[in-house]
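Here's the structure, in structure tokens; my notes come after.
The values are calculated or read from the model by the stated rules, or taken from the named source; none is laboratory data. Source: prediction; values computed, not measured. Glycine also receives a Cβ, built like all others from the backbone with ideal geometry; neighbour counts cover every protein chain displayed.
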């Protein structure tokens, strides 16, 4: 039983290590692509800086508070994108039949798809998110209590797990809708962009949707607003800010279930 549980992570690590060795064979190219990834993801925050050149607050939030939200979401998404970002290629594998080659190997298919073409350059996105998150922490006058300190790693890791679950669920959907990577991206990349801004900017129906339907609010809104001492727009109880690990676990379980159902429905090329 233990060997079965560990076979996936072990296979993932071996495949990822192979791609890392391949990447590091051309170190100058890796540095350039990582810097390019860092620069490209920085444009979102540059847009926010441009907004603040004309206003003092956005949705009632200062630049430091938005940097805190932006950095938390960007770091969590960057971790998920590094580990599970290759899942959006599944539709292509289903269409061209290359998924069949993964099915005959004695290795979990999920681990093979997730680790395929492991892109170490995505560390640029994580670095950018951490830097902006650190800036937000430095400029804000937060009253750090043990619970607030604990909330920071809890928020980042749980957020990464929630985004990872969305990657897997979106990939499972591609077993039926083979050309649906953009639908998947609307929840992953689109969700990250949404969470970079405070919830007060959005209609309450949208806030309810990303709280109770697709629980993106547990990535950073609910825990971050607890750290910042801000009320949540829906007047929810404060203890919900401590639920990201529970929500992440439920999301991962549902994503794993969707993956198993999708994989069982696969009938080779043209299915």
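Table: residues versus (1) out of contact with any strand residue (DSSP E or B) (no Cβ under 9 Å at 6 or more places or on another chain); (2) at pLDDT 90 or above; (3) not in a helix (DSSP H, G or I).
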site	(1), (2), (3)
200	no, yes, no
207	yes, yes, no
212	yes, yes, no
222	yes, yes, no
232	yes, yes, yes
239	yes, yes, no
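Which numbered condition in (1) at pLDDT 95 or above; (2) crowded, with 19+ Cβ neighbours inside 10 Å; (3) more than 18 Å from residue 86 (Cβ to Cβ) is the only one that residue 163 fails?
(3)
Starting from the range 246-270, take each residue that is at positive phi and surrounded by fewer than 18 Cβ atoms within 10 Å (Cβ to Cβ) and list its partners that are at pLDDT below 95 and part of a helix (DSSP H, G or I), counting only C-beta distances under 8 angstrom and pairs at least six apart or across chains.
These pairs meet every condition: 268/100.
Please go through the range 241-270 and give me each residue that is more than 24 Å from residue 148 (Cβ to Cβ) and not in a helix (DSSP H, G or I), ordered by number.
Within the range 241-270, 266, 267, 268, 269, 270 meet the criteria.
Return yes or no: is residue 69 over 16 Å from residue 174 (Cα atoms) and modelled with pLDDT of 90 or more?
yes
Residues to consider are 91, 78, 60, 85; find the one that is modelled with pLDDT of 90 or more, buried (at least 16 other Cβ atoms within 10 Å of the Cβ) and within 30 Å of residue 210 (Cα to Cα).
It is 78.
Select from the range 94-118 the residues that are under 24 Å from residue 74 (Cα atoms) and either modelled with pLDDT under 85 or surrounded by fewer than 16 Cβ atoms within 10 Å (Cβ to Cβ) (or both) and list them in ascending order.
117, the sole residue that qualifies.
Does residue 212 satisfy being under 23 Å from the mean Cα position of the chain (by Cα) and either more than 26 Å from residue 144 (Cβ to Cβ) or surrounded by 20 or more Cβ atoms within 10 Å (Cβ to Cβ) (or both)?
Working: under 23 Å from the mean Cα position of the chain (by Cα): yes; either more than 26 Å from residue 144 (Cβ to Cβ) or surrounded by 20 or more Cβ atoms within 10 Å (Cβ to Cβ) (or both): yes.
Yes, satisfied.
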